[in-house]
Structure formats: structure tokens, C-alpha cells
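Just so you know, all these numbers are worked out from the coordinates, no wet-lab data involved. All of these numbers come straight from a predicted model, not from anything done at the bench. Quick reminder, even Gly has a Cβ in these numbers, built from the backbone with ideal geometry, and neighbours come from all protein chains shown.
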Amino acid sequence: MSETIQTLLQESRTFPPTPEFVAQANANDPKIYQDAAADPEGFWEGWAKQLDWFEPWHTVCDFQPPYAQWFVGGKINAAYNCVDRHALGDRKDKIAIIGEGEPGDTRFITYGELKDQVSQLANALKALGVGKGDRVSVYMPMIPELAVTMLACARIGAAHSVVFGGFSADSLAERTNDAKCKVIVTADGGWRRGNIVPLKNTVDETMDLGCPTVTNVLVLKRVGTPGEVTNGVVTPEYSQGSWVEGRDIWWHDLVPQQSTDCPCEPMDSEDLLFVLYTSGSTGHPKGIVHTTGGYLTGTYATSKLVFDLKEDDVHFCTADCGWVTGHSYIVYGPMANGATVLMFEGAPDTPDKDRFWRIIEKHKATILYTAPTAIRAFMKWGDEYPNRCDLSSLRLLGSVGEPINPEAWIWYQQTIGKGNCPVVDTWWQTETGAIMISPLPGITPTKPGSATQPFPGISVSVYNEKGEGKEVTGPGIIDSAAGGFLVLTKPWPSMTRGIFNDPARFQKTYWSKFDNAYFAGDGVKLDEEGYLWLLGRVDDIMLVAGHNISTMEVESALVDHPSVAEAAVIGKTHDIKGQAIAAFVILRGGHQNHDGLVDELKKHVAHKIGALARPDDIFISAELPKTRSGKIMRRLLRDVAEGRALGDTTTLADPNVVHLLRDKYEASEG
């Protein structure tokens, strides 16, 4: 890659916070940025002091790149901070978790009830031989017991490793064995689009593959036997798996009988809280390590300021706890703040495409945090679905997972927020643990498509290939814009402490490109007003006729066209230009492919960001290959466009999509 990444897409629309929002905001003084930049350790120490500690720390931060320790010597427990301090105080009867099951079952769990449930499960895990320092594999549907399990592990000092309840037996075995888990906690199954995801059956297959450290499988009855009726819904046929006496234990036979008294284990600030596996570009998944005190401080602070959390908020984060977003912004961050969180099981289009909007209407959710891929799907389905629901309870919208296209941002702000809700577009990673770049909704004028500025206390730098660049610690006019690599040169509390049992891979993956700097793997541009624009993975930067062009910018130009709901852009090998731009496009509901549409879209991109970015090929598709977390697998699209054998498809939500795309693409090329 050349020294800088060229940025062609221009976005000038600005949305300042309303005076009404500013007046009530948790953060409404811009001085917070300069104060945090002047003394970042003092800033983070102030947030840590808002948590409950068993013993104080003696050193705020000890940074020996690539490793940092925060609040050294302090003793704390994450479950105590997320449950007990609320249950033992004024929030005992406040709703902690609202669970929305796909069959229509709704559950409300208060903080007082949650403390009892977490304590009983913690005692049950102890009865199975799980103790401080052990690891527990969690493979469950998105129901309240998933959060209960995470908190029960934290309560007794065992680290959880949550595996998305849709991964294969091979994936579960690989993660369980890498972490040397002692117990697997699962359910008989979970609901998704009217069918059963056979979780226990998959665990049986996992055990058959060989999991020598696993002594027991704890099984929650969620879906029951085929033919059973739950909320008027009949459980369909599914693979129930087998039952191994002595190994498999029903939750209802063990957990309810346990005492509700289970003291929280005092944990060193740097003791392991969880391992979460993220896919590597090659080889086996990376077990990202997060410890207790720093991670909890980061998620607590960002939840309070980015989401402007208030006592009466209902926080609806649509992520699965199999991903870091569910860890940080369903469980640990909001619940450390004593918030009411909404968890939903299933899919956003079942029983109808208004599922999210019905949930918001029913529970008067005030905060919605979802992904651009979901927002673009809602755009494709059409405005009729949100428009038939009462969304007036919403007061703040959030975006997470990948850069959001400006037109998707505008649709979200106007159609879902009715123009009244600030939009916080957030950038962070599994490895960062907490939000790193985001507007503060009571301070920051937002620009559609920009994650705006680093969170206070976070220092972002934009480097060129030589490791030269600009540091950004907050808003402000700068002398010139820049495009390049997003790097972090100063430690932050929630940063990963490494890859589980693989320090060499940690060093090579994140700390080898630049001296003493964490390279996030993303491209970024910095505009003249000090706003940051994420350009996606550096792997997704195209080199077209000597010019580096971001796939995200071309995708945003395509989504700007009224016919387009979603686009995926890749660079494919070209004899003359090096790479040519190819685009795969999904149309919005009510729009049809027609003669001339492809040429119209090519002209639109050229008009929007310049002839240099005009795609050579545009292919209209019904679907795009996505992971189960909703991210587009551009690597597989490159395989399709270049006629290569398809790479690993195991993490795709629907592997058939990419095979159908390949067949259609080859037919069109022929």
C-alpha cells in the first residue's frame, strides 16, 4: 500500500445535538476531552472509583508494550458490580433483564431475583467442580439464562467462553479445547425463524470429537420435546441428541435446589474475566483475553456517556452474547450502571419484519443499538414495517459492527428516530473491549457515516506506511486532512491482555506493524474538522491504477442511489489497472432490476466520488454472503469474482448464498 489511503467520498451534512438533549445529557461539557487528554490515567481512575472494590489499587496503570495492567493490586468482582450492589440497594425491585423469546414468551427479572438466580447457578457450578481460574464453555440461545451464566462464572472467579449458538460442533470443540474448559453450559435447543437450533445435539457431536477437559454438560430445558406447546407454539421435530448419564445434567435438576447465598470471589483487577474467540484470517480462532477491573471500568464509562444511560432507560442492544457487543453492552456495561436491558431470541424478520419495532413498542425501549447490516436490511424491507409501530419511546440510536453508509445513517435517524434521536456511530473491536470512537450525544455534532472522535481518554493516531501521522484525542480543527492506518499508541483500561496461551501470535497480529503501537487493522481518514471516518479493514482497500480506494466509500456511493439497499464491493485482478472494482448489489423493496440499471449505478458512483471509483462490474443479487454476526465476507466475493476455489465458509450464516452467487456470476461472465 502507498503511504496514504485516498478518500474520495465527501459528506457535509451535520446534525448538532438539540438544546433539550444537551440539557439532560450525562456529558455536555466539551472540556471533558481536554481534561481527559491532559491526565488520561486520572480520567480512568475517576471512573474506576465509581465501581465497588474489595481492596483499592496501588498503581493506576503499568504499561510495558504490548502489555498493560490497570488498577494494579485492586480486588473487585464483576458480578458484584453488575448485580449485588443494585440488588442490595435501591434497585432490588427494578427490572434488570427483559427476555423476549421467539415464541412470544416474555420474562421480567428484577435485580433482586437476578442475584438469587446467579447465586444458585454459581453454587451449581461449584458443585460440578468449577472454581476460581477454571474456564466454562457457554453455548446457549439468547435468553436470560445466558447472561445469568456469564455472571455466575464471574461470581466464583471462573472465566466464561461464550460460543455463538449457531456455530458447528467443530467450532465449539476447537474453542472449548483451546480454553481447556471444565464444563459446557447449553440448552436442549433455541428458537430461530420457527425452527429449533439443536444445541444439545451439537454439544454431543462436540464431545464425540474429543473434549478431554470437559467433565460435565449442564443442559437447560428451553424448547422441550417435539409436540410440546409453549405459548401456543408447538415444538417442531428436531435432533434432540442423546443423554450420557453422569456427564449430562439437567439445569432444573441441579440449579433450583442450590442456596441463594454465594459470596462473590474477590478477584485481582488483572484476573481473567473471559475469553472470547474471534476468527483469524488464517489458522484457528484467536482467544481474546479480557481481565476484570479495566474491562469493567471501560464498559461502565462508555455505557454511561455514549448511551447517556438514565435510571428509567430500557436499553435494547440487538447483538448476541456470542459476540463482544453482547458482552460489553448487554451484560457488563449497562448492568454495571444498573440499567434495564432487553434480550431477544430469534431473528428480526420472525414472525414478521417488524419484530424489532414491535419489541420497542411493547417495552417502550428508549435506546436501540444495532448493526449497519441490520439497518440496510430494514431499508430493503421498506418503511411500512417501522411506520406501523409506535417508536416514540426511543431517545437515542446507536450503530456498531462496521462503518455505516451515510444514507443508511440518514434512514435510521429519520425513519426510526423520526429526526428526534441522536445517532451514536461507534467503532471498537473484540480486542478493544469497549467503545473507542464515538460521538458523545450531548456534545458532538454528528456527520452521517463518521464515528466522529475518540472517546475521552482514548488517543487515536492516523499513520502512513512509515509510521508517521497525526494523533487525535478529541474534536478540533486540524491543519490538514489525512488518510491511513488507525493505530493506538497509549493504553486504555479495557484493552485485551493477549491471545489465550499464544503471546507470540498476539505480538505478531497487533503489535508488529508499528513500534509500540496497536494496529487495529482498519483504514481511517481524518477530515479538516478532526472527524474520523472508518474505511473498513485494510485488507478491503483496493489498489486501482495506483490509487488506494476504500471499498466502504464505493459501497456508500451505491447505497446513496434510491434503488440500492446494500452493496458489497471488492477489487478483482485486472491486467492493466492492477485491480478493477466489482460490486454486488441488493435492491430495496419495491425496486426491480431493469435494462440500464447497472449503467445508471456506475454513473452514480462516478458522479458521487469520481470516475476513478467507477465499478467495472456490478452484479444484482438477492443476498450477500454474511457471517452469523452479519458482516459481509468480501474475501469470498473476491474468490467468486476471480474464479478461485471458495475459501473457508464455516462461519457463514448460509453457505448456500455464496455458491449461488458463484453460479450466477460465472453465468453472467460466460
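Hey, which lysines would be in cross-link range of residue 603, C-alpha to C-alpha under 28 Å, not counting anything within fewer than 8 residues on its own chain?
Qualifying lysines at Cα under 28 Å: 380, 447, 525, 572, 577, 626, 631, 664.
For a test of the definition: using alpha carbon positions, the gyration tensor, and the 1.5 limit on a/c, classify segment 1-100 as rounded, prolate or oblate.
Because a/c hits 1.5 or more and a/b fails to exceed b/c, segment 1-100 counts as oblate.
Compare the peptides 143-154, 172-183, 502-513 by average per-residue count of other Cβ atoms within 10 angstrom and give them in order, highest first.
143-154, 172-183, 502-513
Tell me, what ³J(HN,Hα) does each residue in segment 315-328 have, in order and in whole Hz, if you take phi through Karplus 6.51 cos²θ - 1.76 cosθ + 1.60 with θ = phi - 60° and put x for Gly and Pro?
The phi angles translate into 9, 10, 9, 8, 6, 8, 6, x, 10, 5, 4, x, 4, 7 Hz.
Can you check how the C-alpha radius of gyration of the chain compares to 2.2 N^0.38 Å, as a plain ratio?
0.93
Residue 393 to residue 284: FRET efficiency via 1/(1 + (r/R0)^6), r the Cβ-Cβ distance, R0 45 Å, to the nearest 0.05?
0.55
For the residue pair residue 489 and residue 52, what label-to-label distance in nm results when each label sits 7 Å from Cα along the Cα-to-beta-carbon direction?
Placing both labels 7 Å along Cα→Cβ, they lie 4.1 nm apart.
Please tell me the relative contact order of the chain in percent, rounded to the nearest whole number, where contacts are Cα pairs under 8 Å and at least six residues apart.
Rounded, it is 14 percent for the chain.
Pop the C-beta distance of residue 603 and residue 576 into the FRET formula with R0 = 25 Å and round what comes out to the nearest 0.05.
0.70
Multiply the residue gap between residue 642 and residue 420 by 0.36 nm, knock off their C-alpha separation, and tell me the result in nm, one decimal place.
Roughly 75.4 nm would be gained on extension.
Against the empirical 2.2 N^0.38 Å scaling, what ratio does the C-alpha Rg of segment 132-192 come to?
1.06
Hey, with R₀ at 41 Å, roughly what FRET efficiency would residue 59 and residue 93 work out to, going by the Cβ-Cβ distance, to 0.05?
0.55
If I model a spin label at residue 213 and residue 347 as a point 7 Å from the Cα along the Cα→Cβ vector, what separation in nanometres do I get?
Distance between label points: 3.5 nm.
What is the order of 306, 229, 255, fewest Cβ neighbours within 10 Å to most?
Final ranking by Cβ density, sparse to dense: 229, 255, 306.
In whole Å, how far is the Cα centre of segment 198-241 from that of segment 91-165?
Rounded to whole Å, the Cα centres lie 18 Å apart.
Under 15 Å from the Cβ of residue 58, count the other residues' Cβ atoms, weight Lys and Arg +1, Asp and Glu -1, and hand me the total.
Here the charged neighbours net out to -4.
How do 332-339, 359-366, 582-589 rank on mean C-beta neighbours within 10 Å, highest first?
Final packing ranking: 332-339, 582-589, 359-366.
By how many nm would the segment from residue 512 to residue 663 lengthen if fully extended, with 0.36 nm per residue of separation less the alpha-carbon distance?
That pair, residue 512 and residue 663, stretches by 50.4 nm at full extension.
Need one number: nm distance between label points at residue 230 and residue 594, each 7 Å from Cα along Cα→Cβ, rounded to one decimal.
Once both label points are built, they end up 4.7 nm from each other.
Counting Lys and Arg as +1 and Asp and Glu as -1, each charge on the Cβ, what is the dipole of the chain about the Cα centre in debye, to the nearest 20?
That gives the chain a dipole magnitude of about 120 debye.
If you put +1 on each Lys and Arg Cβ and -1 on each Asp and Glu Cβ, how big is the dipole of segment 338-486 around its Cα centre, in Debye rounded to 20?
Dipole magnitude for segment 338-486 comes out near 400 debye.
Any idea which of 519, 224, 581 is furthest toward the positive side of the dipole for the chain, if Lys and Arg beta-carbons carry +1 and Asp and Glu beta-carbons -1?
Farthest towards the positive end: 224.
Taking a ≥ b ≥ c as the square roots of the eigenvalues of the Cα gyration tensor of segment 55-193, is the shape rounded (a/c under 1.5), prolate (a/b larger than b/c) or oblate?
Note, shape of segment 55-193 comes out oblate.
Rank-order 348-354, 393-399 by packing density, defined as the average count of other C-beta atoms within 10 Å over each peptide's residues, highest first.
Ranked from most to least packed, the peptides come out as 393-399, 348-354.
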